[in-house]
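Down below is the structure, laid out as structure tokens.
Where a number appears in this text, it was derived from the coordinates with a stated rule and is not lab data. It should be emphasised that the depicted structure is a prediction, and the values quoted were computed from it without experimental measurement. Neighbour counts run over all protein chains shown; Cβ positions are idealised from the backbone, glycine included.
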Amino acid sequence: MQQDSGLGVGAAVLLLLVSALLLPHLNLEGPEEEPPGSSMMEAGSLPKFREDFRTKNKSVFILGASGATGQVLLREILKENLFSKVTIIGRRKIEFEEEAYKHVHQEVVDFEKLDEYSSAFQGHDVGFCCLGTTRSKAGSDGFVRVDRDYVLKSAELAKAGGCKHFNFLSSKGADKSSSFLYLQIKGEVEAKIEEFNFERYTIFRPAVLLCDRKESRPAEWLARKFLGSLPASWAKDHSVPVTTVVRAMVNNLIMPSDKKTELLDNQAIHNLGKAEDLNKP
Ligand SMILES: NC(=O)c1ccc[n+]([C@@H]2O[C@H](COP(=O)([O-])OP(=O)(O)OC[C@H]3O[C@@H](n4cnc5c(N)ncnc54)[C@H](OP(=O)(O)O)[C@@H]3O)[C@@H](O)[C@H]2O)c1
């Protein structure tokens, strides 16, 4: 009897933990407008878009290149040789051993004094922001400082430095009027970046990111196990592999667009990200 109630409590705690992680990503809104890359014609044209993009000799910066998404993004951008100059901006220098990384420029900045590092943000055509922390790591104030203040200041400096296409990794369910701090901050940041008036602004709203993270995040691990036990279509609505997110980012980048602001929800990320599989040899 006691054992039964122990099991019941365990299951309830497990459910609570998983819900805590998933809930912010479960939005009940209807489908968003047709995403870029959803037509076969666009996907079929990717090799041509990639070639055209390379000839433009653009430069890029990545914020958060040491993180789960940023690392894969940097690797793919280098593998595809899309830019003539690649800069990563972070709070620490990263040691790379592979030859492919030898031309990567690194700007080490103090995010508390970003105004003093405006030169790091100058002269990039494209910017990707994959910066972020969690409340469990940084507390509520720390989360807001990184996910809102650092991101907005970086976007502002990027715009002043000449960036034309800004890409922001947000989250499924982002909503500035949400009662969840995480979603509220993501929604607020999305809206404020739009006010900077980039020539092109792309927002990615993935659900739970599936990746092999070195750092231990028990709630994320549990959510992954939970999602892994669900029917594939349900799991797909509420999660996405980091490799798919990065494929969507790169494919969207190379595709010409006449839209000033693009919003890719989790479904659009799956559609655009599957156009070419990163895991292919
Ligand atoms: N995890 C998910 O399931 C999920 C789902 C949807 C959206 N997102 C959003 O996607 C974005 C990227 O997520 P991710 O899991 O790829 O990120 P991640 O692995 O946690 O990496 C975060 C990046 O931000 C940097 N960073 C963190 N705290 C910092 C600080 N105080 N000062 C300067 N830099 C700091 C890290 O640098 P260091 O290496 O120096 O720490 C790292 O490069 C985040 O904004 C997240 O909210 C995540």
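Odds and ends about this structure:
- Cβ-defined net charge surrounding Glu188, 13 Å radius [Lys, Arg +1; Asp, Glu -1]: -2
- Long-range HN-HN contacts of Lys172 with modeled amide H, under 5 Å: Ala207
- Cross-link pairs Lys164/Lys225; Lys48/Lys176; Lys56/Lys79; Lys113/Lys274; Lys176/Lys260; Lys85/Lys259 - those with Cα-Cα distance over 28 Å: Lys164/Lys225; Lys48/Lys176; Lys113/Lys274
- Approximate spin-label separation Glu95-Asp52, in nm, with each point projected 7 Å along Cα-to-Cβ: 4.4 nm
- Positive minus negative residues near Arg148 (Lys, Arg vs Asp, Glu; Cβ under 13 Å): 0
- Sites Ser233 and Glu194, calculated FRET efficiency, Cβ-Cβ separation with R0 45 Å, nearest 0.05: 0.90
- Dipole magnitude for region 102-244: computed about the Cα centre from +1 point charges on Lys and Arg Cβ and -1 point charges on Asp and Glu Cβ, it is near 620 debye.
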